[in-house]
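Enquirer: Sharing a structure below in structure tokens format, with a few things to ask.
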Amino acid sequence: SSRGVTSCWAVTWTSYEIIKWYFLMNKTSQGKYISPFHDIPLVVETEQGNDVPAKKPKKNESEVLFNMVVEVPRWSNAKMEIATKEPLNPIKQDVKKGKLRYVANIFPHKGYIWNYGALPQTWEDPDHTDKETECCGDNDPIDVCEIGTQVCLPGQVIQVKVLGILAMIDEGEMDWKVIAINAEDPDAKNLNNIEDVRKSRPGHLEATVDWFRKYKVPDGKPENRFGFNGQFKDKDFAVEIIKSTHEHWRALVQKQTNSGEIACKNISCCESPFKCSADEARDVVNSVRTSIMLFHKDDRIHNNMDKWHFV
């Protein structure tokens, strides 16, 4: 079993202005550093206290809410993500071939078209082959597109209602995209499944497929493909996929499967051999802060964030 922490979150920003690169560590309301990958509970519990949620889940499956870790705010371009291979999995901007990564603006969109992030305590196992698409997992937490009205912040933890899921295939790997809405959004009470989104927000789901299909094309890569002919699967299907990736994550942190380069250090997963103390977690953060590499400003800043690509 695993024990989580409360939904009262603080985010510590360590910014290196030389490249406008942000390195985020999540903390509990009591100031303990945690892994946003492993220590935030997947399911929002009904009762919480002393930084440990009650184990009693909601009785009605349709009312279950999930915690989402926001990585990228809507309309922004920097590819921020949970660093799965670094101790305590900070949220940072991805780097490829020595350069910071940004997504291009694909007409008519500006950056990401939803708040983009991940469900904690999930993992798309690269050794697991999906029976429908015959593709293996992409070795990351499962992704979420949050379609609410509020623009969130990197590192923010919000409670979401799951509405459906899209089966994206990224360079041969299974890369599920959960469609969800912030439970505190004014529209949340009226959106309960993927068909509600289709009816109340004409074109939004089609734009989502179009975005995911084309967003890597400006970088010289082919269009992404989709399972199920690019059709969204419903809420119940999505919840089953989430449950499956949660079980894969559980095997990961309990060292029942090969973790490869994934960093599994955590402070709250009771049966995990990777569990450490709060003091050890603080030491990890301090060591990272003093040893992190700074890039040179002249060849690392991306200057095309206002450019539109017509694909």
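Enquirer: Would you please give the residues with an amide H less than 5 Å from that of Met174, counting only those at least 5 places away or on a separate chain, with H modeled from the backbone geometry?
Expert: Here the answer is Cys136, Gly137, Asp138, since their amide H atoms fall under 5 Å of that of Met174.
Enquirer: In what sequence, highest mean first, do 215-223, 175-183, 90-98, 28-36 appear when ranked by Cβ atoms within 10 angstrom?
Expert: Numbers: 215-223: 13.6, 175-183: 24.0, 90-98: 16.1, 28-36: 19.4.
Going from most to least packed, we get 175-183, 28-36, 90-98, 215-223.
Enquirer: List the aspartates and glutamates whose Cα sits under 12 Å from the Cα of Lys216, skipping any in the same chain fewer than 8 residues away.
Expert: Filter leaves Asp170, Glu171.
Enquirer: Moving on to the next point. For the stretch 98-231, what does the accessible surface come to per residue with a 1.4 Å probe? Please give it in Å². Walk me through the intermediate numbers first.
Expert: Values: 5350 Å² over 134 residues.
Counting only protein heavy atoms, the per-residue value for the stretch 98-231 is 40 Å².
Enquirer: Asn192 to Arg101: extension gain in nm, 0.36 nm per residue of separation minus the Cα-Cα distance?
Expert: 29.3 nm
Enquirer: Would you list, by chain and number, the lysines whose Cα falls below 23 Å from the Cα of Lys27, excluding same-chain residues fewer than 8 positions away?
Expert: Hits, sequence-local ones excluded: Lys55, Lys79, Lys85, Lys92, Lys265, Lys275.
Enquirer: Let me ask something additional. What relative contact order, as a whole-number percentage, does the stretch 86-143 give when Cα pairs under 8 Å and 6 or more residues apart are counted?
Expert: Working: 51 pairs, mean separation 14.0, N = 58.
So the answer I get is 24 percent.
Enquirer: Can you classify the stretch 92-187 as rounded, prolate or oblate using the Cα gyration tensor, where a ≥ b ≥ c are the square roots of its eigenvalues, rounded means a/c under 1.5, and otherwise it's prolate if a/b beats b/c and oblate if not? Intermediate values should be presented prior to the final figure.
Expert: Numbers: a/c = 1.69, a/b = 1.20, b/c = 1.41.
Oblate, because a/c is 1.5 or more while a/b does not exceed b/c.
Enquirer: Round to a whole number: what % of the accessible area of the stretch 175-243 belongs to carbon and sulfur, probe 1.4 Å? Write down the numbers at each step before the final one.
Expert: Details: 1590 of 3450 Å².
Reported share for carbon and sulfur atoms: 46 percent.
Enquirer: Quick one: grab the alpha carbon gyration tensor of the stretch 77-144, order the square roots of its eigenvalues as a ≥ b ≥ c, and give me rounded if a/c is under 1.5, else prolate or oblate depending on whether a/b is larger than b/c.
Expert: Taking the square roots of the gyration eigenvalues as a ≥ b ≥ c, the stretch 77-144 is oblate.
Enquirer: Could you tell me what % of all Cα pairs in the stretch 187-237 have separations over 18 Å?
Expert: Working: 536 of 1275 pairs.
In whole percent, the long-distance tail amounts to 42.
The values are calculated or read from the model by the stated rules, or taken from the named source; none is laboratory data. Keep in mind that this is a model prediction, so the values were computed, not measured. Here Cβ is always computed from backbone atoms with ideal geometry, including for glycine, and neighbour counts include all displayed protein chains. For accessibility, only protein heavy atoms count, side chains too; no ligands or nucleic acids. Shrake-Rupley method; radii C 1.70, N 1.55, O 1.52, S 1.80 Å.
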